[in-house]
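Structure first, commentary second.
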Amino acid sequence: MLHQKVDMHAKDITAGSEEVTIKGTERSIMHSSTGNREFQIFVSKPQEEPPPSGYPVIYLLDANSVFGTMVEAVRLQSRRPEKSGVVPAIIVGIGYRTNGPFSPERYFDFTLPVAAADLPVRPDGSPWPAHGGAEGFLKFIEEDLKPEIGKRFKIDENSQTLFGHSLGGLFALYVLYTNPYAFQNYIAGSPSLHWNKKWFDDEEKRFLSRLKQGNGNLSLMLGVGEQEGTHKSGMNENAQVFSKRLSMIDSGLNVQFKEFEEEGHLSVLPPLINRALRFALKRNVPGGV
C-alpha cells in the first residue's frame with residue numbers, strides 16, 4: 001500500500017493560506033486479490049501508544065462521506081475515556097476514487113444479487129447501477145484489508161467493529177448473518193432492508209446456527225432518523241421489526257435500537273456516529289457506559 005496524507009482543504013483565499021490535513025491519517029489505494037476491485041483506504045491512528053491488548057478498530061464504509069466526522073469524534077471524545085466511554089481507536093475507512101461523498105460502486109459492493117423485477121423502484125425511475133457484489137466485498141475485507149491492517153498496527157482482535165449506513169447498513173447486517181464473528185460489534189444505520197428483506201427471512205435459521213458456533217458475545221446497534229419514518233421504503237419500520245426479532249433470540253446477541261429525534265436519512269449520521277462510538281468502545285473502559 002502506498003500512503004499519503006489526507007488533504008482536507010478549500011481553495012486558497014489569501015496568499016498565505018495553507019493546506020489542512022487530518023493529523024495521524026493516511027490514504028492509499030488498495031486492490032482486491034480477486035475480482036479486480038480498487039478501493040481508497042483511509043486510516044487514522046491514535047497518537048497514544050496502544051494498550052497491551054492492542055487498539056480497537058472500527059471499519060467504516062462510505063469513507064469518502066463520513067471518515068473525517070468519525071475521526072474527529074474519536075479524537076475529541078477519547079481525551080477523557082473514563083468519562084466519555086470512548087477510548088482511542090484505529091479508524092479504517094473504505095471508500096472509492098471519487099471527489100464526491102458517494103460512488104455508484106457502493107451499489108455493487110453493499111448488496112446481494114437480486115432479480116431486476118424484485119429491486120425497489122429508483123426514485124428517478126432510472127435503472128440501478130450494477131449490484132450484487134457483497135460476497136466479494138466481504139472477501140476483500142477479510143482476506144486483503146484486515147491482514148494488511150494487522151501487519152501495520154498492534155490491534156485488538158477481540159474489539160473490531162463494522163459501521164455502515166443505508167446500503168452500508170444493509171451490508172453490515174449481511175456480514176452479521178453470514179460471518180457473525182468477523183466483527184464483535186455491528187452498527188447498521190438506516191439499513192436498506194427493503195433491498196434484500198426476503199433474503200434475511202430465509203437466512204435466519206442458518207444465522208442462528210452460525211451464532212451457536214461461537215461464544216455469542218456480539219453486539220448490534222440499529223439506528224434510524226425519526227424523519228425516515230415517512231420514507232416509502234419502510235426504513236424505520238423494517239429496522240424496528242428486525243431489531244425486535246433479533247432481541248428475542250436467546251443467543252448472547254446484544255441488540256439495541258435507537259431512533260434519533262428530528263433527524264433524516266443523512267442528517268442522522270453525526271448523532272449516529274457519536275452513539276456508535278460509545279456502543280462499540282464501551283467494553284474497553286472499566287465499568288463501561
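The values are calculated or read from the model by the stated rules, or taken from the named source; none is laboratory data. What you see is a predicted model; the values in this text were computed from it and never measured. Neighbour counts are summed over all protein chains in view; Cβ atoms, including those assigned to glycine, are modelled from backbone coordinates with ideal geometry.
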- request: Only residues that are in contact (Cβ under 8 Å) with a residue 12 or more places away in the chain and either polar (S, T, N, Q) or closer than 13 Å to PHE140 by Cβ (or both): list them for segment 15-28, please.
  value: THR21, THR25, SER28
field: Check on GLY85, under 28 Å from LYS139 (Cβ atoms), touching a helix residue (DSSP H, G or I) at 6+ places or on another chain (Cβ under 8 Å) and among the small types (Gly, Ala, Ser)
entry: no
statement: Among PHE242, PHE279, PHE257, PHE183, the single one that is over 24 Å from ALA63 (Cα atoms) and not hydroxyl-bearing (Ser, Thr, Tyr) is PHE242
- line: Selection over segment 105-142 where residues are in a loop (DSSP other than H, G, I, E, B), modelled with pLDDT of 85 or more and among the aromatic types (Phe, Trp, Tyr) yields a count of 1
message: Suppose we keep only residues that are touching a helix residue (DSSP H, G or I) at 6+ places or on another chain (Cβ under 7 Å) and either surrounded by fewer than 14 Cβ atoms within 10 Å (Cβ to Cβ) or acidic (Asp, Glu) (or both) within segment 121-155. Which one would you say is farthest from THR34 (Cα to Cα)?
response: PRO129
query: Out of the residues in segment 220-274 that are among the hydroxyl-bearing types (Ser, Thr, Tyr), closer than 25 Å to VAL121 by Cα and modelled with pLDDT under 90, which is surrounded by the most Cβ atoms within 10 Å (Cβ to Cβ)?
result: SER233
- request: Check segment 95-117 and report whether any residue there is surrounded by fewer than 21 Cβ atoms within 10 Å (Cβ to Cβ), farther than 27 Å from HIS31 by Cβ and either under 18 Å from the mean Cα position of the chain (by Cα) or not small (Gly, Ala, Ser) (or both).
  value: no
statement: The helices (runs of 4 or more DSSP H) lying wholly within segment 143-224 that contain at least 1 residues that are in contact (Cβ under 8 Å) with a residue 60 or more places away in the chain, of a type in the set (Phe, Trp, Tyr) and in contact with a Leu (Cβ under 8 Å, 6 or more places away or on another chain) are 167-178, 197-211
- line: Counted residues in segment 93-129 being aliphatic (A, V, I, L, M) and either under 30 Å from SER44 (Cβ atoms) or touching a residue at least 40 places away in the same chain (Cβ under 8 Å) (or both) come to 4
message: Tell me yes or no: at least one residue of segment 177-184 is surrounded by fewer than 16 Cβ atoms within 10 Å (Cβ to Cβ) and farther than 30 Å from VAL43 by Cα.
response: no
- request: With respect to VAL87, determine if the residue is in contact (Cβ under 8 Å) with a residue 24 or more places away in the chain and in contact with a His (Cβ under 8 Å, 6 or more places away or on another chain).
  value: no
